[in-house]
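A quick write-up on the structure given underneath.
Every number in this text was worked out from the coordinates using simple rules, so none of it is lab data. Note that the structure is predicted; figures quoted are calculated from it, not measured. Methodologically, a virtual Cβ is constructed for each residue, glycine included, from the backbone with ideal geometry; neighbour enumeration extends over all protein chains shown.
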Amino acid sequence: MEPHNLISVSKQFAWVYLRLQRLIDRNLSRHGASLAKIRLLAFLEDGPKRSTDIASFFGQAPRTVTQAIDALESAGHLRRMPVPGDRRAKLLELTADGRAMLGRAQPLYEAILSRTMGALSEDELNEFAAMLTKVEAAVDLIEPASK
């Protein structure tokens, strides 16, 4: 692939992704949520995690993550729990209110995806997924610790 085309396609992908994220975030904010909050809660959906796990996964500074955690804890969406054998560390766990917020956000998120990604046929969506998997594998070769 020509360097100009490679850059052009990469830039287009990045801009579409960013625009889609902004669109989803605006839609969620009208309903009292934000994409950042929903991402953090969704990360905890499969079980408790340490704040360092969250910071590492999202590539955020620990202080930024702590502020988000404090806000979500104050809102009753997550709780801190002790880590067995480590008095200083805390595990973060989703509360029933946090699960409810995720449940309310899911249809809003899916509606935007339906109106945007739904522009693709089933075959195009499968082809796009295959292409993303191929690009993700190339990224994993460069940054294997990203998972």
Given H placed 1.01 Å from N in the peptide plane, which residues other than close sequence neighbours of HIS77 have an amide H under 5 Å from its amide H? none
Given unit charges at Cβ for Lys, Arg (+) and Asp, Glu (-), the dipole magnitude of the stretch 3-146 about its Cα centre in debye, nearest 20, is 760 debye
Inter-label distance, nm, simple model (7 Å from Cα along the C-beta direction), THR52/ALA14: 3.1 nm
Measure of compaction for the chain (Cα Rg per 2.2 N^0.38 Å): 1.23
Virtual spin-label span in nm between ARG39 and ASN5, 7 Å along Cα→Cβ: 3.2 nm
Computed over the stretch 3-146: relative contact order in percent, which uses C-alpha pairs under 8 Å that are six or more apart: 22 percent
Any idea how far the Cα center of the stretch 1-27 sits from the one of the stretch 46-61, in Å? 26 Å
